[in-house]
Structures are given as C-alpha cells and as structure tokens.
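In what follows, a structure is listed as structure tokens, so that the remarks can point back to it.
The values are calculated or read from the model by the stated rules, or taken from the named source; none is laboratory data. In this text, all values refer to a predicted model and were calculated from it rather than measured experimentally. Here Cβ is always computed from backbone atoms with ideal geometry, including for glycine, and neighbour counts include all displayed protein chains. All accessible areas refer to the heavy atoms of the entire protein, side chains included, with ligands and DNA or RNA removed. Shrake-Rupley method; radii C 1.70, N 1.55, O 1.52, S 1.80 Å.
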Amino acid sequence: MRYQEYLLSSALGVILCDDFLFPGHPLLRGHKLTAKDIDFLKGKGIDRIFGAELDDSDIVAETVLEVVAARLAGKGTAYQVDERGQCRIVASRDGILFFDRERLEKFNRFSENLILNPSAPCRPVKSDEIIARLELTIPAMSSQQLDNLVLRLSGNGALLNVIDDYPRKTAFVYTRLYNDETENARLTGQVTALIKDFAAYGLDFSGEYNARHETESIADMIQQAADDGYELIFVVPCQRTSSREDVIPSALNKYVDEIISPAFPAVGCSDLLIAAKRRTRIISLPFAYAGHNHPALSEDIAKAILLEKLNAFEFHRRPDVFIPSGEFLSEEEQTHLIKSSGRGSDSTAEIAVVILAAGVSSRAKRNKLLLEDQNGRPLFMNAVYAALKSKASPVFLITGHQHEELEHCLEDIDINVVYNSDYRSGIKTSINLGLRLVPSSCDGAILLPADMPEITPALLDKMIAAFDRKQPRQVVMLSYKGVKFNPVLWSSSLFSEADLVPENAHVRAVFMEHEDYTRLVKIPAKDKNLLFDVTYPADIETVEKKNK
C-alpha cells in the first residue's frame, strides 16, 4: 500500500484519502477514481489529489472495521459499517454500557490509524442508541497489520458490553452517633441521592439496619444484612472516614475478604470504600456523597455493582474521549446492523488460560523468564503468544518477581495482567489468584507455566479439543511415554483443587486422585521438545546456545 500525492492525469484507480463534496457528485474517502471522476475533477480545476494504491494483500477499510468490530462488540450490542471508513456500535437492548477504561486506552495505542470513541461507561443506554464510533483513518490496511491487530485483541473478551439490569437485593446500614434530627436528615439525604443516581440499575432497595458508629456494631450489622441474604450493602456513615484505621475500615476488615478500593482520589469524597465477602458487595458511601459532582465516583460505585468479580486492578481510572449520549441510527441504517454473536458454541468448550509468571527462578539462579530469544523477545512471551493464538479466551498473566519488567513487554497487548503480591509464598498463590479471576462462563482453564519456550497454540488447542464440556469434573493433561507434563487443563468445578505437574513427575504417579476423570493428550516423539521447560542453569544454557 502506497500513500502519496498524485497528478490527476495519473490517478486512474487511485483510492481517495479525502472527501470531495461537490453538489450532485460527491466523491468520498475510499472511492476508487474512474476516468469519469478524473474528467469531473479536472473540470473543477483540480490537478492533484492525495490517495493510495493497494497491493493484492491489502484489506479495504470496510472489511477491517467489520473484523475489528466483531472483536470489540460484546453482549447486547450490534454494529454497522459505512462506506466512509466509520463503524457505529449500538446497543441492541436497554441496559447499562460497561467497559474497562484501561483496555480502551490500550486499544487506542494499537494502531495510529484506528480510533475507538465510546460513550461514557457505566451509564444506562437504550436499544438502538449509538454507544461507540470506530474509525479507520486510511482506506485500507495490510493483511499482516490486521492479523497482528487481531492477535493483540485475542487475550480477552469483547471490550464493549451492554449489561442487563437486574434486581440485586440491596440493604442500607446506617451508622449513628447523635441520633438527632440533623443526623437523620443527613442520612436520608445520602440515601435519596443514591436511589436517584442508580434508579436505572433495577436495584431492590428493601433492607435497613442501624448501627452505632463503632467498629463492632457496624461489623455486626453488615454481617446481619449479609446473613439475611442481601447481595449489595451500602454503609451510610454519620462521620467521614479519615484513614484505613478509622471506624468503618476497621469494621469492614472484621467481616470482608478484602477491601478492594480503600480510597477514592477526590477532595471531599476520598472516603468511598468498596469491599467484598464472597458474592456480597459492601460499599461505604462518602460522608459527602449527596453533594458530590464527581462522575468517576459514580462510575466506581457502578462498577462495584455490575462487575461479576471484584478485583483491585479494575479500579484504575484513565482519561478517555467519549461520544455524546442520546444518538441513534436512522431506521434505514438499522436495517444494516450486524448483531454481535458470542464466542463458542454449545459443543465447543470455553477455556481460559492462566499463565504463571510470578516466581523468583531460585533454581535457575536468574530470572529465566526474561531470557531473550533470537529476536530479542523475552522467553515468557512465547507462552503469551501461544495462548493468544490458541482458541482459549480470556488470557490471564500472573506476575510477581520483577513484575514491572514483564508488564512493560505487554503494554500493547490486550491481556489481563494481574500482580500477585504474595508470590513469594509459592506458585499455589498465583494459581488461586488466577483461577479466581476466570469468568463463570468458562468451562475450565489451562494452567500454563511461563517457562515453556517451545509451547505452541496447536498443543493448547489439542487440550481444548479433548475437553468434554458435558462432563462436570475432568482434567486434561499432556503425556509422553506414560509421564505427565504441564500445562494442565482443569474444569471449573475443580478450581479449588487445581495444581501443576510437579518437577519430579517422572519419579512418582501424578494426580492419582483425579485418574477417574483425567483425559490424556499423548505427545509423539517428534514433538517431545514442546514439553521442555526451563528450570535449572543447564536449561538456561540450552536456551542460550539455541538462540546464538
């Protein structure tokens, strides 16, 4: 593909990169000039145009946008591509628009010629409302560029989703200090503002509890509300929280598994707290909630309500550009909508991959994951690309030791990178963390050590093909001459038991307790090198010799 300025006399077949909006004879970007077009432009006094000539392997803008939109548009969405290099993604049902800001920012770094502008996240949208615009600024893209873009988008699910609202059972826990009319009025104002802000979310506000503004009393009332079956609990405080040691954080720590978001970066509203206990979400409102004007604060609360699983890394904020709300396609444009379709089918298992890259490489005496191959690419990236190119999705990478260096290599790949702060306690902590993040829609997950430099997408796909989604309990393992090897695919019902094949697998039987439902993928002798993992200094020498 070549872009340049052309003399009009030699521009036959050139594709326009700009619009010529002459009344009665508009020539739009992406149009291929004919002899008639050239005569017309000459008649208008134009002798030069800027355009492009395509190679046989180039893919026109309309096809590129359809391919990319199919990756971006998720549940409750549809999309339509026009002839000017723009795609409009719309809601196909009423609901709540949801996407991750950090993933959006990463997408807009993938290609300087591809731009995604969505509407603001975590807000109600109507069926047929335009929720995003996708533009390709050039008339075509090379097939290699498109393949690379699709690969970068293969580590996660769809970016844009419209989530159905549903009546999550909701309770209020009021903390009281004075028990006077002023305090009652303030608490009532907080609740009134909250109900108004989230009226479109279909929450079932049906429980009220009162606690003294003391750690034990608040913790008891939160537990009581949870025991009574409330999925969502709002703590409405009578005083502002000033630090992690204050009354409400101390009360939460007595009950919850984790305070997901311990503070909010806004003057006057920093005391927003978000916590989780199994499937129960606890949100302690800022003392000044009723008077706040911070859209991001409402967005954090919305995420705490909507997310299937709460994790601290979901609460990063990035500035993005949003399209105005309230725009709709015309009736004629709606006839060209392409409804989004979910990945997978009734017969194909949906399998995630958890790549384990948190260890300190103690036996190797250096960080083996950062060894470079012939192209200067770190060793662990082979496992990443194998997972991205396989049929598995989404992909999670668990980091720990030297996590900054590993994460730097993933800046331009749409993959879930999660830091395990407890990585020194052993690989089991990374396994447990990774599997907790796997969506409930997945039938299972592959545990893939990041130190396997020869692992291939085809091998991972063989494991997925061997998985029977109709069987609730199963393990899929690789086998060579009767010895089992990593990686290991676990069904979701066995996540609490999941582990890797130990280093001394050749000495003793592995996973005997799972033999009844283990499926083996036998590896032929010609492929035994695919099972190689880097453990000891001698293995590092082998890799370095190969890469010289």
Entries of Lys389/Lys470; Lys75/Lys528; Lys106/Lys470 with Cα pairs more than 31 Å apart = Lys75/Lys528; Lys106/Lys470
Within the accessible area of the chain (1.4 Å probe), percent carbon and sulfur = 48
Could you list, in their original order, any pairs among Lys368/Lys522; Lys428/Lys545; Lys368/Lys462; Lys169/Lys303 whose Cα atoms are separated by more than 22 Å?
-> Lys368/Lys522; Lys428/Lys545; Lys368/Lys462
For the chain, what does the equivalent ellipsoid look like in terms of its semi-axes, each the square root of 5 times an eigenvalue of the Cα gyration tensor, given largest first in whole Å?
-> 43, 39, 20
Quick one: divide the alpha-carbon radius of gyration of the range 1-46 by 2.2 N^0.38 Å and tell me what you get.
-> 1.06
Quick one: which residues, 5+ away or cross-chain, put their amide H under 5 Å from the amide H of Arg176? H built at 1.01 Å from N.
-> Ala211, Arg212, His213
Inter-label distance for Asp47 and Glu333, nm, one decimal - labels placed 7 Å from Cα along Cα-to-Cβ | 4.0
Nearest 0.05, what FRET efficiency do Arg240 and Arg168 give at R0 = 22 Å with Cβ-Cβ as r?
-> 0.25
If you count the DSSP beta bridges with both ends in the chain, what percent of them are antiparallel, to the nearest 5?
-> 60
Mind listing P(r) for the range 390-548? All alpha-carbon pairs, 5 Å bins, whole percents.
-> 1, 8, 16, 20, 22, 17, 10, 4, 1, 0
Express in whole angstrom the spacing between the alpha-carbon centres of the range 381-435 and the range 444-517.
-> 18
Rounded to the nearest 10 Å², the 1.4 Å probe accessible area of Tyr166 is 100
Rounded to the nearest whole number, the per residue volume of the convex hull around the C-alpha atoms of the range 175-241 in Å³ is 90
When the solvent-accessible surface of protein heavy atoms is calculated with a 1.4 angstrom probe, in what order do Glu454, Glu245 fall, highest first?
-> Glu245, Glu454
Estimated distance in nm for a label pair at Asn184 and His25, the labels positioned 7 Å out from Cα along Cα-to-Cβ | 8.0
Using eta = 1.306 mPa s and T = 10 °C, Stokes-Einstein with Kirkwood Rh from Cα pairs puts D for the range 1-123, in µm² s⁻¹, at 94
Under 17 Å from a point 7 Å along the Cα-to-Cβ line of Arg366: which residues of the range 518-538 have their amide N that close?
-> 534-538
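I need to check one value: relative contact order of the chain, counting alpha carbon pairs closer than 8 Å and at least 6 residues apart, in percent.
Answer for the chain is 12 percent.
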Label point 7 Å beyond Cα of Asp197 along Cβ direction - residues of the range 120-150 with amide nitrogen under 19 Å = 120-125
Listed by chain and number, the residues whose amide H is under 5 Å from that of Lys75, excluding neighbours fewer than 5 places away on the same chain and using placed H, are Val162
Residue by residue through the range 196-210, the couplings from Karplus 6.51 cos²θ - 1.76 cosθ + 1.60 with θ = phi - 60°, in Hz, x for Gly and Pro, are 5, 5, 10, 4, 6, 8, x, 6, 9, 7, 9, x, 9, 9, 10
Square roots of five times the Cα gyration tensor eigenvalues for the range 201-277, Å | 20, 15, 12
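Please compute the alpha carbon radius of gyration of the range 469-522, then divide it by the globular-protein estimate 2.2 N^0.38 Å. Two decimals is fine.
On the way: Rg = 10.7 Å, N = 54, 2.2 N^0.38 = 10.0 Å.
Rounded to two decimals, the normalised Rg is 1.07.
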Ordering 105-111, 215-221 by per-residue average of other C-beta atoms within 10 angstrom, highest first, gives 215-221, 105-111
Scattering curve values for the range 41-180, log₁₀ I(q)/I(0), Debye with Cα scatterers, q = 0.15 Å⁻¹ = -0.79
Dipole axis of the chain (+1 Lys, Arg; -1 Asp, Glu on Cβ), positive-most option in Cys269, Gln223, Gln190 | Gln223
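Rounded, prolate or oblate: which one fits the range 429-481, using the alpha carbon gyration tensor with axes a ≥ b ≥ c (rounded when a/c is under 1.5, else prolate when a/b beats b/c, else oblate)? Provide the component values of the computation, followed by the final result.
Values: a/c = 1.90, a/b = 1.12, b/c = 1.69.
In terms of gyration-tensor shape, oblate.
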Could you work out how far apart the two model spin labels at Lys277 and Glu112 are, taking each label as a point 7 Å from the Cα in the direction of the beta carbon, and quote it in nm?
-> 5.4
With a ≥ b ≥ c from the Cα gyration tensor eigenvalues, square-rooted, and the rule rounded for a/c under 1.5, otherwise prolate when a/b > b/c and oblate otherwise, the range 371-436 is oblate
Square roots of five times the Cα gyration tensor eigenvalues for the range 210-362, Å | 35, 24, 18
The range 163-231 and the range 11-30: distance between their alpha carbon centers, rounded to Å = 60
Calculated from backbone phi, Karplus (6.51, -1.76, 1.60) coupling profile of the range 443-449 in Hz, x at Gly/Pro | 7, x, 8, 8, 8, 10, x
Pull up all non-local amide H partners of Asn156: gap of 5 or more, or a different chain, and H-to-H distance under 5 Å with H placed in the peptide plane.
-> Val395
In sequence order, calculated HN-Hα J values of the range 323-340 (Karplus, 6.51, -1.76, 1.60; Hz; x Gly/Pro) | 7, x, 8, x, 8, 9, 6, 6, 4, 5, 5, 5, 5, 9, 5, 10, 5, 6
Considering Cα pairs under 8 angstrom that are at least six residues apart, work out the relative contact order of the range 103-162 and quote it in whole percent.
-> 35
Work out, in µm²/s and without decimals, the Stokes-Einstein translational diffusion coefficient of the range 141-224 at 37 °C, 0.692 mPa s, Rh from Kirkwood over C-alpha pairs.
-> 194
Computed over the range 406-548, the relative contact order (Cα-Cα under 8 Å, seq sep at least six) in percent reads 25
